[in-house]
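Participant: I have a structure here, written as structure tokens, and I will follow up with some questions on it.
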Amino acid sequence: ERLSDYPVVMLVKSDNTTAEDHTPWASDALQEAFVSYVEGGGGLLVVHSGTASLRNLPALRALVGGAFTHHPPRCPVTVEPAEDHPITEGVEAFTAEDEHYMMVLDDADADVFLTSVSEHGSQPAGWTRRQGTGRVCVLTPGHTVEVWVHPSFQTLLRNALAWCEGEA
């Protein structure tokens with residue numbers, strides 16, 4: 001019920017209650033609530049660990065359009081924005097120590113606007129998709145403070161929030 005109070009919701013949490021309590025929180029009913037929220041016009045921004053449990057959450061995985069599979073140990077990861085996308089406007093490529101998320105992109109029609117590259121290869125690191133009248137955006141960087149305080153990542157977050165709200 002509370003989702004409808006917000007134009008955009010950020011999902012940055014894997015499906016465990018706390019670091020110590022690994023009880024799942026994303027019930028089937030809660031997954032369906034997210035789907036209904038987006039289909040009804042809500043915006044969903046999924047950042048980093050918000051993708052981490054999607055392999056086991058079919059409704060959320062379908063809504064997001066993909067899932068995290070694993071990551072190697074932290075390493076230098078270069079984040080490369082695509083040109084001419086509203087979410088990458090004002091964003092320059094940057095490199096930071098981070099977890100390089102390996103992703104499965106299920107939605108062949110997703111609009112990939114960001115790529116991450118490390119010694120472990122290249123991965124989709126940001127994409128958008130629409131469902132119903134709502135919008136979904138995914139950003140996979142973001143495990144370390146170094147990433148969150150980087151000006152380009154902060155611009156990505158602002159632009160992604162605006163896009164999810166329908167302003168971009």
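Participant: Please work out if residue 113 is touching a residue at least 60 places away in the same chain (Cβ under 8 Å) and assigned to a strand (DSSP E or B). Explain how you work it out, then say what you get.
Facilitator: Working: touching a residue at least 60 places away in the same chain (Cβ under 8 Å): no; assigned to a strand (DSSP E or B): yes.
No: the conditions fail for residue 113.
Participant: A follow-up question, please. Which one is most open to solvent (accessible area, probe 1.4 Å), of the residues in the range 31-51 that are among the aliphatic types (A, V, I, L, M) and in a helix (DSSP H, G or I)? Walk me through it before giving the result.
Facilitator: As a first pass, look at the range 31-51 and keep what is among the aliphatic types (A, V, I, L, M): 33, 35, 38, 44-47.
In the following step, the residues that additionally are in a helix (DSSP H, G or I) were identified as 33, 35, 38.
Values: 33: 38, 35: 16, 38: 0 Å².
My answer is 33.
Participant: Another one. Tell me, yes or no, whether the range 26-35 has at least one residue that is of a type outside the set (A, V, I, L, M, F, W, C), under 27 Å from residue 148 (Cα atoms), at pLDDT 95 or above and under 14 Å from the mean Cα position of the chain (by Cα).
Facilitator: Step one: of the range 26-35, the residues of a type outside the set (A, V, I, L, M, F, W, C) are 27-28, 31-32.
Okay, now just the ones that are also under 27 Å from residue 148 (Cα atoms), so 31.
Still in the running and at pLDDT 95 or above: 31.
Next cut, under 14 Å from the mean Cα position of the chain (by Cα) only: none.
No, because not a single residue in the range 26-35 is of a type outside the set (A, V, I, L, M, F, W, C), under 27 Å from residue 148 (Cα atoms), at pLDDT 95 or above and under 14 Å from the mean Cα position of the chain (by Cα).
Participant: A further question on this structure: Considering only residues of the range 119-159 that are assigned to a strand (DSSP E or B) and open to solvent by 20 Å² or more (accessible area, probe 1.4 Å), which is farthest from residue 34 (Cα to Cα)? Lay out the reasoning, then the answer.
Facilitator: First pass over the range 119-159, keeping only residues assigned to a strand (DSSP E or B): 121-131, 134-139.
Filter once more, keeping what is open to solvent by 20 Å² or more (accessible area, probe 1.4 Å): 121-124, 129-131, 135.
Values: 121: 32, 122: 29, 123: 26, 124: 23, 129: 14, 130: 13, 131: 11, 135: 12 Å.
If we take residues in the range 119-159 being assigned to a strand (DSSP E or B) and open to solvent by 20 Å² or more (accessible area, probe 1.4 Å), then 121 is farthest from residue 34 (Cα to Cα).
Participant: Let me ask you something else. Can you name every residue in the range 1-30 that is part of a helix (DSSP H, G or I) and in contact (Cβ under 8 Å) with a residue 12 or more places away in the chain?
Facilitator: First, pick out the residues of the range 1-30 that are part of a helix (DSSP H, G or I): 2-5, 28-30.
Within the range 1-30, 3, 4, 28 qualify.
Participant: Counting only residues that are of a type outside the set (Gly, Ala, Ser), in a loop (DSSP other than H, G, I, E, B) and over 16 Å from residue 78 (Cα atoms), which one in the range 101-110 is most open to solvent (accessible area, probe 1.4 Å)?
Facilitator: Step one: filter the range 101-110 for residues of a type outside the set (Gly, Ala, Ser), giving 101-107, 109.
Filter once more, keeping what is in a loop (DSSP other than H, G, I, E, B): 101, 106-107, 109.
Narrowing the set further to residues that are over 16 Å from residue 78 (Cα atoms) leaves 106-107, 109.
Numbers: 106: 79, 107: 33, 109: 140 Å².
Among them, the one singled out is 109.
Participant: May I pose another question? So, in the range 58-72, exactly how many residues are under 15 Å from the mean Cα position of the chain (by Cα) and more than 18 Å from residue 99 (Cα to Cα)?
Facilitator: Matching residues across the range 58-72 total 6.
Participant: Here's another thing I want to ask about it. For residues that are charged (D, E, K, R) and loosely packed, with under 13 Cβ neighbours inside 10 Å, scanning just the range 1-25, find the one that is modelled with the lowest pLDDT. Outline the logic, then answer.
Facilitator: Here is the first cut: in the range 1-25, the residues charged (D, E, K, R) are 1-2, 5, 13, 15, 20-21.
Within this subset, residues satisfying the condition of being loosely packed, with under 13 Cβ neighbours inside 10 Å are 1-2, 5, 20-21.
Numbers: 1: 81, 2: 91, 5: 95, 20: 94, 21: 95.
Residue satisfying both the conditions and the ranking: 1.
The values are calculated or read from the model by the stated rules, or taken from the named source; none is laboratory data. Note that the structure is predicted; figures quoted are calculated from it, not measured. Quick reminder, even Gly has a Cβ in these numbers, built from the backbone with ideal geometry, and neighbours come from all protein chains shown. Calculation scope for accessible area: heavy atoms of the full protein, side chains included, ligands and nucleic acids excluded. Shrake-Rupley method; radii C 1.70, N 1.55, O 1.52, S 1.80 Å.
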